[in-house]
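Here the structure is laid out as structure tokens; the discussion comes afterwards.
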């Protein structure tokens, strides 16, 4: 089958690009080895959380400095204004999840470890946990629910460096009639969807929380009905209620994946999981077709353009072999951020500045992967998300922001290939 | 044994994505989930059987493998572990029986009216549940009486036309021969001569029920029937997605068969809709479709997704004027071949299917489309709607139901609602 654009990867970057292209009338195919990091990440859009060791209050003002100091940073290839446009677009396309926040100020949301984490956007089920406002918090856990300990959260949050002091306490509840010892977030979310757990939760909390306390619950309030259940809790408890991101699996992230893939399907895009893009048919510097390996062989899908959003090391978009050689796994593209052969590749401490942390493809301002001369390898190939080199997302807290911004910008570059390269970076 | 299946467990990063998708572990504590039972438990199995019998509660839908971003062959690991379990315990009679559709078909066909009465009689089914262990409410198709193989023998198709070999599978042969006739009619309408090779079960039900030696015998025999056609350069087309996948991939990956004939057949296999869509891409599919003003929900079965070919049925049906297909986003109907027939698994199977049933019911349509036969029977059972193979919609859109020009399809042979 032929397509206007083939998107490789079904994470946030790939889905963003695919949806943007689909709604512009393109026929889009998304191929991926499996599901992406949406199911692991907390569903927030983190544009820039840290500049060095300093927490960023306004990504809008600090992204420019980042781009100025780090020549290859992906945000440096996102045209001026596109970052704001991308976030606005994202918010509109995920309307049912009600993303709150803006580029000008980071929310400060508690993690499951009780660390305040800066995010530009968060679903409204979470945004009520913004710690900047101060006040009294109660963190609720469910006994037996792994890796979510309200006491740990409350103690850590109470000690955290925050603009306004807060108080926090913990409350542990016992879920009714659990049929098993091993409870995952997915199972509890399913019970909220189908078994009216919200009624139980409302009754359990009603007389145990003061009117001025804000209630943090694990982000497992339902998968299909999460937003609805959260609203019901707020309305009936007459308290501010917010979800706290859990360790994987991320129910809030699955809601986001479902929202984006449902919109894609409704728009006529095809999503094929469990297959592998293995290469391309090319004419000079142009990709004519993407080769996709399925159950028996390889099928070539003719396409006008390609968005490569196959992820970094963690997702197999880049591989490092036992000799230390790094390789982009689909098109064998040149990589940046790889230390010279005789240099150290790994620093001893996990949180040290790791030499390979910024590895990825380097691009021009249309997000086209470039060779060492700076020329695009293929004129109709654009990259987005974690495959891009030059960023250290875990440290910057910029991963999802880069995905949304570059997914959006890559789609724009596909739609307007003739547009002049924008030299100016994000303001 | 090709150990890339077992070796793949080293790629597991414990991300739990498979756990969030497993339709079985979400509805029963009896199956702890694909990650635990698959890559994690496999590490401790070594050469011996699984110490943990919960692997038998894996339905084998394969969704875990499809969503795994690290290429861990989770479902395949589980399938092999199940076989080792039953190798030691001995496969129970019930499982031996329901895993041999050809045997069941040959027994039931000559006495179809009686067999159909028994299959749908409450008292008989109650007794069968007690004695054999097949759930009294599990969806059972009706024997057609005259098999597709027999019907096709009297059919005279075009002579001077490019040929395709048709692998119709057991479901079409014994229960839905009219579907086979529709497949032939659509292929002939597109200028093909349809060859119907002699054929038996592909061995998939035996594989799912853990009897690998018998499964290998069946698939080898089938492949020997089909290989001459593949060798002659003919495409082999199948309307049974799970049986097609068995030949494309599973016989090699799960049963570990290394065989030139199998390889040849694998490479020549096409799912029916995949084949027709490829024709369309070459501009060779006839598009003289009449209007079909219907809104029909479409469920791509888990095994269809395993082909990695997208949803060609939707691409094809998009060519039909006034036909609006609703793409459902549910991974599994619960039946998983023979899984939902078993008395201890029927409730699980229906609980898995509930989301799909609800979504189909919510569309308000009295018709649903789905590529796989057992899934269609399950959908009909769970919703009360008529569930058809997508080819039936194409067949109707071509107007072949009115023309009967193939000589095979007669007014009496029109599809009846699938048995509930």
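You will find that of A:205, A:187, A:173, the residue that is buried (at least 17 other Cβ atoms within 10 Å of the Cβ) and within 14 Å of another protein chain (Cβ to nearest Cβ) is A:187 and no other. Within region B:74-99, the set of residues being within 14 Å of chain A (Cβ to nearest Cβ) and buried (at least 24 other Cβ atoms within 10 Å of the Cβ) comprises B:74, B:75.
Could you tell me whether any residue of region A:59-71 is in a loop (DSSP other than H, G, I, E, B) and either within 14 Å of another protein chain (Cβ to nearest Cβ) or more than 22 Å from residue A:359 (Cβ to Cβ) (or both)? No: region A:59-71 contains no residue that is in a loop (DSSP other than H, G, I, E, B) and either within 14 Å of another protein chain (Cβ to nearest Cβ) or more than 22 Å from residue A:359 (Cβ to Cβ) (or both). Taking the conditions (1) in contact with a strand residue (DSSP E or B) (Cβ under 8 Å, 6 or more places away or on another chain); (2) under 28 Å from residue B:249 (Cβ atoms); (3) not in a helix (DSSP H, G or I) in turn, residue B:304 satisfies each one other than (3).
Only one of the numbered conditions (1) without any contact (Cβ under 8 Å) to a residue 60 or more places away in the chain; (2) surrounded by fewer than 19 Cβ atoms within 10 Å (Cβ to Cβ); (3) more than 30 Å from residue B:267 (Cβ to Cβ) is violated by residue A:327, and that is (3). Scanning region B:233-277 for residues that are out of contact with any strand residue (DSSP E or B) (no Cβ under 7 Å at 6 or more places or on another chain), surrounded by fewer than 22 Cβ atoms within 10 Å (Cβ to Cβ), on the phi < 0 side of the Ramachandran plot and more than 14 Å from every other protein chain (Cβ to nearest Cβ) yields a total of 5.
For region B:1-73, give me every one of the helices (runs of 4 or more DSSP H) that falls completely inside it and has 3 or more residues that are within 14 Å of chain A (Cβ to nearest Cβ) and under 21 Å from residue B:347 (Cα atoms).
B:17-21
Step by step: first the residues of region A:143-159, then only those that are touching a helix residue (DSSP H, G or I) at 6+ places or on another chain (Cβ under 9 Å) and at pLDDT 95 or above, then the one that is farthest from the other protein chains (Cβ to nearest Cβ). Which residue is that? The residue in question is A:157. When you look at residue A:111, is it touching a strand residue (DSSP E or B) at 6+ places or on another chain (Cβ under 7 Å), away from every other protein chain (no Cβ under 14 Å) and touching a residue at least 60 places away in the same chain (Cβ under 8 Å), yes or no? When the stated conditions are applied, residue A:111 passes them. Take the residues in region A:212-226 that are surrounded by fewer than 19 Cβ atoms within 10 Å (Cβ to Cβ) and in contact with a helix residue (DSSP H, G or I) (Cβ under 9 Å, 6 or more places away or on another chain); name whichever of them is nearest to residue A:262 (Cα to Cα). Step by step, filter region A:212-226, then rank; the result is A:224. Picking from residues in region A:304-318 that are farther than 14 Å from residue A:36 by Cβ and either more than 27 Å from the chain's Cα centre (by Cα) or crowded, with 24+ Cβ neighbours inside 10 Å (or both), the one that is nearest to the other protein chains (Cβ to nearest Cβ) is A:318. Going through (1) under 21 Å from residue A:407 (Cβ atoms); (2) surrounded by fewer than 16 Cβ atoms within 10 Å (Cβ to Cβ) one by one, residue A:133 falls short only on (1).
Of note, residue B:102 does not satisfy the criterion of being surrounded by fewer than 23 Cβ atoms within 10 Å (Cβ to Cβ), more than 14 Å from every other protein chain (Cβ to nearest Cβ), at negative phi and modelled with pLDDT of 95 or more. The condition of being out of contact with any helix residue (DSSP H, G or I) (no Cβ under 9 Å at 6 or more places or on another chain) and closer than 27 Å to residue A:10 by Cβ holds for only one of A:321, A:364, that being A:321. For region A:23-40, a residue qualifies if it is in a loop (DSSP other than H, G, I, E, B) and away from chain B (no Cβ under 11 Å), and the qualifying residues are A:24, A:25, A:26. Scanning region B:43-62 for residues that are buried (at least 20 other Cβ atoms within 10 Å of the Cβ) and over 18 Å from residue B:208 (Cα atoms) yields nothing. The set of residues from region B:177-214 being part of a loop (DSSP other than H, G, I, E, B) and either assigned by TED's automatic domain parsing to the domain that holds residue B:371 or under 17 Å from residue B:394 (Cα atoms) (or both) comprises B:190, B:191, B:192.
Table: residues versus (1) within 14 Å of chain A (Cβ to nearest Cβ); (2) in contact (Cβ under 8 Å) with a residue 12 or more places away in the chain; (3) surrounded by 24 or more Cβ atoms within 10 Å (Cβ to Cβ); (4) in a helix (DSSP H, G or I).
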| position | (1), (2), (3), (4) |
| --- | --- |
| B:326 | yes, yes, no, no |
| B:335 | no, yes, yes, no |
| B:361 | no, yes, no, yes |
| B:374 | no, yes, yes, yes |
| B:378 | no, yes, yes, yes |
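Annotation note: of A:40, A:83, A:66, the sole residue that is in contact (Cβ under 8 Å) with a residue 12 or more places away in the chain, crowded, with 24+ Cβ neighbours inside 10 Å and either within 30 Å of residue A:110 (Cα to Cα) or in contact with a helix residue (DSSP H, G or I) (Cβ under 9 Å, 6 or more places away or on another chain) (or both) is A:83.
Test residue B:280 against the stated conditions and say whether it is more than 20 Å from residue B:377 (Cα to Cα), within 11 Å of another protein chain (Cβ to nearest Cβ) and either out of contact with any helix residue (DSSP H, G or I) (no Cβ under 9 Å at 6 or more places or on another chain) or assigned to a loop (DSSP other than H, G, I, E, B) (or both).
In short, no.
The values are calculated or read from the model by the stated rules, or taken from the named source; none is laboratory data. As the structure is a prediction and not an experimental result, all values here were calculated from the model. Here Cβ is always computed from backbone atoms with ideal geometry, including for glycine, and neighbour counts include all displayed protein chains.
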